[in-house]
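Single-structure report; data block below.
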Amino acid sequence: MTPPAGHCVLAVDVGGTTIKAAVVGEGGRFLSSLTVPSQADDDPVMAIRSLCRQLREHALSLGSTPVAIGVVTPGLVDERDGVVRYAANLRLRDVPLRALISGDLGLPVAIGHDARAAGVAEATAGAAVGLDNFLLLPLGTGIAAAVVVDGVPLAGATRAAGEVGHMPVYPGGEQCSCGQRGCLEVYASAGGMARRYARRVGGSEWDSQAIADAVGTDPDARVVWDDATRALGTALATLTLALDPARVVLGGGLAEAGALFLDPVREAMRDALAWRPPPPVLRSAFGAQAAQVGAAIMARRKAGLSVPDGWGAPDLVPSVAGELSH
Ligand SMILES: [Zn+2]
C-alpha cells in the first residue's frame, strides 16, 4: 500500500493506572503524546475507545493522517484474534478490542501484549538490536517478560508465556497476590519492594528510588534490596538455562538505579550458573516508553509499512508523556 503523504500511526499502551497514547510520525518521532487514567468512569474499555477516537482527531488536527493503530495491554492477549482474554488489573475478560476499535476508527488495528511489544521495540531500536534471542523484563508493579526466541516473541499455548513474575524463587516464602508463596515479583518488582520496605519501616509512600537512596545507610533497605537482587539473579539463571538468551534487558525504575541494582543481579546469576557464563545484563534503552514504541511498530506492520532497524529510536521519544501537545 502507498501511505498518504504526512502519515502517522497511533500507539496506545494500556496500563493498570494510566493509558499512554501517542501520534508517531513516519520516521518514528513522537509528534504528540497523551496520558489519561485507565479507570475513568470505571469503564476501561470505554476509556480506551474514547482515547483512540480522540487520538485520531488530534493526529488529523496536526495535519497527519493515521494509517493504523497499535494497542497493547497486560494480561492474556490473543494477538491473532485481536482479543484481550484476561487482564486482572483492568478487569477485562474476552474483550474483542480489535473489532471495537476498528469499528470506531475505520483503521487497521494491531492488538498486542505490553511486555512482548516492549521486546519488539528493544529489538528494533533499543538494547537488543540485532539479537534474535533475548529476554526483556520490565520491573514494574509486577513482572512479565518478553521471551524472544529466534526472533519471535513467544506467546505460548495459552498466551501466558513470559509470566515470570510468578516463578517461585523462595519456596514457602511470602504471600503473592496470585495465591502462591515466594514468587519473584513479591521480592523483585518495584511494587513488591515498596510493600516489603513499608512493612519494615512503616509508612506507605516508598518507591524503588527511595529504597535505592537508603541502601547505603538503612539496614532495612539493604535487606529488601539484597533479597530483590538475589531473587532476580536466581530467576534469570533459571531462564538462562532454559532459553540461552544472548542478552537480558531490564526495564523499569529499578534498572535506572544502574550498577547499584545491576551488579548484584549479575553476581547472583554468576553464583547460580556454575558451568556456563551468564549472558550480559543491560538496562532498557526505552524505559517506561518501550511498550508504546512497540505498539507503534506493530501498527506500522499492520499497515504494511516497513520498520527498518533504528526506527523509533529512543532520542525520538519523549521520556515523560504529558498532556496533548505538539
Ligand atoms: Zn505470584
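Given +1 at the Cβ of Lys and Arg, -1 at the Cβ of Asp and Glu and no other charges, the dipole of the chain around its Cα centre is 460 debye to the nearest 20. Loop-located GluC sites (Glu not before Pro) in the stretch 199-296 (DSSP state other than H, G, I, E, B) with a sparse environment of at most 15 neighbouring Cβ atoms within 10 Å: Glu205.
Give, as ranges by residue number, the residues of the stretch 239-258 whose backbone N falls under 20 Å from the point 7 Å along Cα→Cβ of Arg200. Under cut-off, by backbone N: 253-258.
What do you get for the angle between helix 290-302 and the principal long axis of the chain? Use alpha-carbon atoms, 0 to 90 degrees, nearest ten. It works out to around 40 degrees.
Angle of helix 190-201 to the longest C-alpha principal axis of the chain, folded into 0 to 90 degrees and rounded to 10: 40°.
Each residue, Arg53 and Arg276, gets one label point 7 Å from its Cα in the Cβ direction; the gap between the two is 5.2 nm. Between 0 and 90 degrees, the angle of helix 44-61 with respect to the longest Cα principal axis of the chain falls at about 50 degrees.
In terms of its Cα atoms, the chain spans 57, 42, 36 Å along the principal axes, sorted from long to short.
Over the chain, dividing the summed -39,500 (n - 2.57) contributions of all DSSP H runs of at least 4 residues by the number of residues returns a 222 nm mean residue ellipticity of -11500 deg cm²/dmol.
The numbers here are math on the coordinates, done by the rules we state, and not lab data. Quick caveat: nothing in here was measured; it's all calculated off a predicted structure. FYI the Cβ positions are ideal-geometry reconstructions off the backbone, even for glycines, and counts take in every protein chain you see.
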